[in-house]
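Data first, discussion second: the structure below is written as structure tokens.
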Amino acid sequence: MSDDAAMGRLARAQHGVVSLRQLVALGLGRGAVRHRVMCGRLIRVHRGVYAVGHDRLTHEARLTAAVLAGGPRAVLSHRPAGARYGLPVTERRIEITVPSRRSVAGVTVHVSGLAPDEHEVVDGLPVTTVARTLFDLAGTLSRRELRRAFDEADYLRLTSPVGLPELLRRHPSRPGAANLRAILADHTVSTAYPETELEADFRAFLADHALPPPQRQYPTMEFRLDCAWPEARLVVEVDGRATHATASRFDSDRERDRRLTLGGWTVVRVTNRMLRRDPARLAADLRALLQAPARAADTVAP
């Protein structure tokens with residue numbers, strides 16, 4: 001395989017970006033890299049990180065480039081890590097965590113040593129685990145925002161190799177530790193499960209009735225929607241008793257429905273009984289909603 005073919009293959013696996021360290025490992029000398037930069041085949045994104053062929057970078061490419069620029073032990077962290085897990089946080093900037101001080105233009109760099117059980121690979125990108133992400137967010141979010149993040153992690157059944165109590169023992173003086181202890185006093189993050197039986201049944205129901213597949217975990221306002229058809233402004237929330245049984249979750253679900261409705265969305269909650277008792281009626285209703293003109297959003301705070 002030629003050098004350029006190997007470079008292209010690597011870039012395709014990394015959203016179109018590569019690092020100098022990786023190119024050298026492929027066998028390209030620094031002179032060969034400089035030549036490709038001068039010819040425009042490599043376009044500098046950060047020091048030692050290049051886009052291959054063009055500079056129209058996607059969000060995923062920019063995240064990957066930032067991690068590559070941080071060095072071999074850099075990981076995505078804080079708000080971008082939370083967003084990657086589907087937590088209700090806003091990505092205001094790209095943030096990474098590295099073991100020693102380093103500057104990356106346009107990227108917020110946090111310095112912290114991470115144990116092996118405090119980071120993992122998610123969709124090909126090294127990211128702090130959900131527990132470590134919540135731990136880091138505790139130093140930047142308000143207690144209310146942090147509790148919402150906990151609730152969503154619980155709802156999504158996210159888990160980590162090491163839990164928050166152990167992280168607090170390891171790092172007792174980090175910012176946000178007091179917020180974490182207060183929330184942990186009456187809150188636990190569930191163990192992770194694969195796709196629930198109800199969610200699998202709903203996917204099969206859509207296929208059986210030739211309904212178009214939705215976008216999963218669709219981001220809108222400050223929410224991530226279970227199943228969304230954005231053009232029709234339709235969202236289906238798949239309701240299982242296990243994930244909606246607590247009083248706090250019941251209340252937050254209704255608040256979420258109200259805000260989505262004011263934002264122009266039609267919210268439909270689907271239960272196991274609906275799928276079992278009259279699937280044809282449910283399919284007809286969803287088809288009608290998908291074909292109806294989307295409602296205009298009212299003016300509300302996002």
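Read-outs: derived from the displayed coordinates by stated rules, not from any lab. All figures in this text were calculated on a predicted structure; none of them were measured in a lab. Here Cβ is always computed from backbone atoms with ideal geometry, including for glycine, and neighbour counts include all displayed protein chains.
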What's the total number of residues in the range 10-50 that are buried (at least 17 other Cβ atoms within 10 Å of the Cβ) and either among the aromatic types (Phe, Trp, Tyr) or within 22 Å of Val122 (Cβ to Cβ) (or both)? 13
Which residue is nearest to Arg147 (Cα to Cα), if the candidates are limited to the range 86-119 and must be of a type in the set (Asp, Glu) and touching a residue at least 40 places away in the same chain (Cβ under 8 Å)? Glu118
